[in-house]
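The values are calculated or read from the model by the stated rules, or taken from the named source; none is laboratory data. Keep in mind that what you see is a predicted model, and the values were worked out from it rather than measured. Don't worry about glycine lacking a Cβ; one is built from the backbone with ideal geometry, like all the others, and counts go over all protein chains shown.
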Amino acid sequence: MLIVFEGIDGSGKTTLSNRVAQELRKAGLRVRHVREGGTLASPVSEGLRRFTRDPANLALTPTAELLLYTAREAQLLEEVTRPALAECEVVITDRFFYTAEVLARWGRGLSEQVVRPVVDACTRGLAPDRVFLMDVDPALAKARRRLSKILTPKPGSPSRKGLAGAGLQVRLRSGYRTLAAESPERWRLLENAGVPLETLVQQVVQEILQARSGAVLAVPASRPMPPVVRTVVEARASFLRHIDIWAEEEPSLAAYFLSGMEGEDMTERRKLLAARCPELVAHSLGSLTDVVSWALRRQLADAAPVQVLGSLRNETADTPEAWELRERLAERAPGAVAESLDLLDSEQAWRLRERLYFSASESVIASLEGLDTERAWAERLRWLSDAGGEEALGLEKVARTACRSIRGLDSEQAWAWRKRAWAIAPDAVLRSVGGLMSPRAWELREQHVARAPRAVLSTLDGLDTPRAWALRESFGAQCEEVLDSMWGLEGGAAWGLRTALADSWPAATVRSLGPLLQMARGRVLAERLLASHPQDFALLRQAARGAPDTARGALHATA
């Protein structure tokens, strides 16, 4: 019996499939999981997976990507899965050829006529007995991936697929749901939101055991619709109800979603979660300047030093409280202290950089972002010489540090470094032109925007020029990051684009308002979208920021 788990990145399919395999073994079945622990059982397939993830392969075309994904699954099928089906009662795989099909058709826009023959040639008639689709709001999946990285940072490159931006996951989810609707006798849709993991495990195990006995897959009962939210005040109340439920069932998610949220009601919930989720509560304090937030930073500094230091951004970066924390944590977390100096050009910052250089040189160099002074370049050249000279820019780790350090710089030296780093870290090179408006910066953006829209659009943050608007508008409704790049911008172009993209990306549209959400026009747009998208939690969270202070106090009093 072949059981497949599918779903977008961060949906929880790997965790669930591994737990199901364990429970089926306890039930006395011979089980083979071909991706147990998250690693493909075929070294060849695992090598192909690493190749397709590598952002250095930015130029990979949609057709070539399809062939590589199907090659990965074909190798795993012939080397591991088919032999296992002859020996075991249940074979479990985390992803099947559906992943390649959905990515090619819904993700990259290839036609079914191109994709289906390739997939059929590889499967040679083999179809799973059951496919469990872990269906989750992409905003929740993204949050779970992000909080996992906060808790257990992993060195290495970002995924090439991630360069396409958040829109890709939305399109992939639509593709999976379409395939599930076309074959309801084979697919089971599982909603991974508000349901404990162990409940899902037992549900799936029972369905597999029933399927082995020949039972027909039952259609699950529909879930009730959530209450309608019409105003930003109601959005804040509803958001807090979600947080309170998660505080009991999934506290790490509750803490993560409090990130950047201001007000007494949010502060009280952070305080309640601080002991259970210190790293995520510390992360949630990013840029907050109120007295309680500083008290929480001091309270959490020993338990979560890296996250506390990471919260020292924008208005909080160059304050007496921030410098006190840096001194307290300099010996324990030198790299995080150095990175917290980002953009600072004071004598105090330079003295601390010099002190930290030998223990955290890469972080010191990364903190020079935006600094195009003689002193900053002397420090960069010192570091590069220690790393092995300009040839070292051909090493990925060195190239990524260098690109971060020169972000926003348009000098000849900066462009020479970009040229050296391109072959090994093209995505980092693209991000390094953030804010630049020179002809070669625009040429680089326009040449590679189709392959790495997320990286390119991040370089447009705050740019209010005709060329920037033309590039944003060229995407249509494909990329959420279009809206992220226009935070707080006003004018006809900004409002026109928000109106055009609002129903495709409601949460990002409201987020793009920034301080405009406190104005009548912004609030009207947010409340129109709340009425149209009642199940969008990400929208609920963004709209909650628009509740006036008086409403926040009333909500706190009744919470």
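Given the structure, is Leu329 of a type in the set (A, V, I, L, M) and at pLDDT below 95? So Leu329 fails the test.
Scanning region 91-131 for residues that are more than 22 Å from Ala166 (Cα to Cα), of a type in the set (S, T, N, Q) and assigned to a helix (DSSP H, G or I) yields Gln113, Thr123. Is at least one residue of region 250-258 among the hydroxyl-bearing types (Ser, Thr, Tyr), closer than 19 Å to Arg541 by Cα and in a loop (DSSP other than H, G, I, E, B)? The answer is no; no qualifying residue exists.
State whether one or more residues within region 119-135 are surrounded by fewer than 21 Cβ atoms within 10 Å (Cβ to Cβ), basic (Lys, Arg) and free of Cβ contacts under 8 Å to residues at least 40 places away in the same chain. The answer is yes, given that some residue of region 119-135 is surrounded by fewer than 21 Cβ atoms within 10 Å (Cβ to Cβ), basic (Lys, Arg) and free of Cβ contacts under 8 Å to residues at least 40 places away in the same chain. Would you point out which residue out of Leu457, Leu444 is crowded, with 19+ Cβ neighbours inside 10 Å, in a helix (DSSP H, G or I) and out of contact with any Asp or Glu (no Cβ under 6 Å at 6 or more places or on another chain)? None of the other options fit; the residue is Leu444. Listed by position, the helices (runs of 4 or more DSSP H) enclosed by region 273-366 that each have at least 2 residues that are under 26 Å from the mean Cα position of the chain (by Cα) are 278-283, 291-300, 305-310, 334-339, 361-366. Scanning region 161-171 for residues that are over 10 Å from the mean Cα position of the chain (by Cα) and modelled with pLDDT under 85 turns up Lys161, Leu163, Ala164, Gly167. One residue stands out among those in region 37-89 that are in contact (Cβ under 8 Å) with a residue 24 or more places away in the chain, in a helix (DSSP H, G or I) and acidic (Asp, Glu): the one that is nearest to Arg105 (Cα to Cα), which is Glu65. Residue count for region 21-36 under the criterion of being over 12 Å from Val91 (Cβ atoms) and either surrounded by 17 or more Cβ atoms within 10 Å (Cβ to Cβ) or touching a residue at least 12 places away in the same chain (Cβ under 8 Å) (or both): the result is 2. Among the residues of region 373-394, is there at least one that is assigned to a loop (DSSP other than H, G, I, E, B) and either under 27 Å from the mean Cα position of the chain (by Cα) or charged (D, E, K, R) (or both)? No, that holds for no residue. Checking each residue in region 356-391 for being touching a Leu at 6+ places or on another chain (Cβ under 9 Å) and among the acidic types (Asp, Glu) picks out Glu369, Asp372, Glu379, Glu390.
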